[in-house]
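The values are calculated or read from the model by the stated rules, or taken from the named source; none is laboratory data. Predicted model only: the values in this text are computed from it and were never measured. Counting neighbours? That spans all protein chains shown, and the Cβs are built from the backbone with ideal geometry, glycine included.
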Amino acid sequence: MGTAKMVLQPRHGTDHTGSANLAVQGGVKPCFSMDAQMVAQIYYVIISLKGFVMKVQKGHRFRLDLDEAQAEFCSRTAGICRFLWNLALEQRSMAYRQEGRHSVGYNAQAGELSDLKAFAPWIAEAPSHCLQQTLRDLDTAFQNFFAKRAAYPNFRKKFQRDSFRFPDAKQFLVDEVGLRVKLPKLGQVAYRNGKGRHALMLDGKAKSITVSREGRHWFMSVLCESEVPEPLVNPGTPVGLDLGVAHAITTSTGEHLPVLGRTRAEDRRLARLQRNLGRKKKGSRNRAKARTDLAEFQARIARRRRDSIHKATTKLAKNHGLVVIEDLQVKGMTASAAGTLEAPGRNVRAKSGLNRVILDKAWAEIRRQLGYKCLWSGSRLVVVNPAYTSQRCSRCGHREAGNRPSQEKFACLACGHAENADINAAKNILAAGLAATTDGLAVAACGAMASAGQRSRNSAA
Ligand SMILES: [Zn+2]
């Protein structure tokens, strides 16, 4: 539909995966320190409903043991995919600015791949399925943007989320006994699994494999799909959750569930690693090492945070038949690093050490995990408007800004009810959720998710 055909073509001056830098990165030897003890984990489950059977997708994550040539190949492929992503994003951005949303789509961009390979033959070094998948991922990112589910897609930077995906199960073979996986162009690759009861078995039919870098290591995530009977309705009591700055999760039953951040000592270590990286000469081997040290450190913190969120959401979804949370997009707009708009100017340096950006991500992750875990355990997730949940008295309903003398305290000016402000808010959130479910006004996240799954399956068929 576009008026002018835009050609997918590398520009001069664009970062085109300079092979010198990648060689340094790919040459880093694997190091099996205690930090890297996590060799395998299940990392997520997505679910859709079909009759009385649930389609379950699980990601199984394993650490790869690559030789130098294979590591180099992975770096290079990730670099080419990043280059293609950025190029295709630029093309779509240009079209979006000039002609509106649907002017360039996946088919148009995939159709230009062969022209692009003729122009820049090194692109063909990456497996072609991975290239197509990159364009498909970009397409999905735009669809999410157009549907207002996500922000505008970003350009990818070197060493940030380096990854590529093999989307076709016919192209790879996982040997679970020999702990090897056969991948296009890479050949046989050894991977690590836990031992005994810590060993992971692939659960269902492998659908795709994503290879990604984290710190010094490369990992593969095997996405498997299986069908299981729909779970029985969870009879657990309802619970409301307040997500906050000082306490990541507070329940209406008065519990604080932690999301682990950095300790003070780790803050200092991070600063030291960052300084160290800044001092090293560009392009030097020492700089590559400093970069991996930093990435490894950050990956370990992120892993710990993810695990603590998993622990909390599993517990909540298992024990409660109804989980009520606030609409985080709305809540995020009123919250600031210094607290909330409702209680401004107070210093609430989070004890858990979560900063604003990480907090947003943690909230989104909590919401995402609750979404599938509630479905998984037969519970319902309900999302309510967060307006005034922190100013209203959970006992008498009186609403006044003065009810909140400090970030931590709630003290009702009408009835004298006093309690921890987060617990009071969680109780209000629960009440809002219960009111909404009986009125039928609730945005039942589970339902929304199930129907989203339905849609994507239909459109894929
Ligand atoms: Zn009151």
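So here's what we get for this one:
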{"quantity": "Residue that is farthest from the chain's Cα centre (by Cα) [pool: residues in region 382-400 that are away from the ligand (no atom under 16 Å from the Cβ) and in a strand (DSSP E or B)]", "calculated": "VAL384"}
{"quantity": "Residues (assigned to a strand (DSSP E or B) and over 21 Å from the mean Cα position of the chain (by Cα)) located in region 243-256", "calculated": "THR250, THR251, HIS256"}
{"quantity": "Subset of region 401-414 that is over 37 Å from the mean Cα position of the chain (by Cα) and assigned to a loop (DSSP other than H, G, I, E, B) - its residue that is farthest from the ligand (Cβ to nearest atom)", "calculated": "LEU413"}
{"quantity": "Residues of region 386-436 classified as aliphatic (A, V, I, L, M) and either at positive phi or touching a helix residue (DSSP H, G or I) at 6+ places or on another chain (Cβ under 7 Å) (or both), total", "calculated": "2"}
{"quantity": "Residue list for region 415-433, restricted to those being within 15 Å of the ligand (Cβ to nearest atom) and of a type in the set (D, E, K, R)", "calculated": "GLU419, LYS427"}
{"quantity": "Neighbours by Cβ (under 7 Å, 6+ apart or cross-chain): first from region 389-412, in contact (Cβ under 8 Å) with a residue 12 or more places away in the chain and assigned by TED's automatic domain parsing to the domain that holds ALA431; second among the β-branched types (Val, Ile, Thr) and more than 9 Å from the ligand (Cβ to nearest atom)", "calculated": "THR389/ILE429; SER390/THR340; GLN407/VAL348"}
{"quantity": "Odd one out for SER379 among (1) away from the ligand (no atom under 16 Å from the Cβ); (2) loosely packed, with under 15 Cβ neighbours inside 10 Å", "calculated": "(2)"}
{"quantity": "Which listed residue is closer than 22 Å to LYS158 by Cα, in contact with a helix residue (DSSP H, G or I) (Cβ under 6 Å, 6 or more places away or on another chain) and at pLDDT 75 or above, from ALA120, ALA124", "calculated": "ALA124"}
{"quantity": "Failed condition for GLY261, given (1) under 25 Å from GLN160 (Cβ atoms); (2) surrounded by 14 or more Cβ atoms within 10 Å (Cβ to Cβ); (3) without any contact (Cβ under 8 Å) to a residue 40 or more places away in the chain", "calculated": "(3)"}
{"quantity": "Hey, ALA124 closer than 30 Å to LYS282 by Cα, more than 25 Å from the chain's Cα centre (by Cα) and part of a helix (DSSP H, G or I) or not", "calculated": "yes"}
{"quantity": "Filtered residue count, region 198-248, keeping only those that are β-branched (Val, Ile, Thr) and under 30 Å from ARG63 (Cβ atoms)", "calculated": "5"}
{"quantity": "The listed residue being touching a residue at least 60 places away in the same chain (Cβ under 8 Å) and not assigned by TED's automatic domain parsing to the domain that holds HIS217, out of ARG291, ARG275", "calculated": "ARG291"}
{"quantity": "Pair list, Cβ < 6 Å and 6+ apart or interchain, from region 138-149 residues that are outside the structural domain of ALA88 (by TED's automatic domain parsing) to residues that are surrounded by 14 or more Cβ atoms within 10 Å (Cβ to Cβ)", "calculated": "none"}
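Residue-wise test of (1) surrounded by 15 or more Cβ atoms within 10 Å (Cβ to Cβ); (2) outside any loop (DSSP other than H, G, I, E, B); (3) within 23 Å of the chain's Cα centre (by Cα).
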position	(1), (2), (3)
LEU116	yes, yes, no
GLN133	yes, yes, yes
PHE145	yes, yes, yes
ALA151	no, no, yes
GLN160	no, no, yes
GLY178	no, no, no
VAL211	yes, yes, yes
MET220	yes, yes, yes
GLU227	no, yes, no
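Rundown of residues vs (1) within 14 Å of PHE219 (Cβ to Cβ); (2) modelled with pLDDT of 95 or more, yes/no style:
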residue	(1), (2)
VAL45	no, no
LYS50	no, no
VAL56	no, no
GLY59	yes, no
GLU68	no, no
ALA78	yes, yes
GLU90	no, no
GLN98	no, no
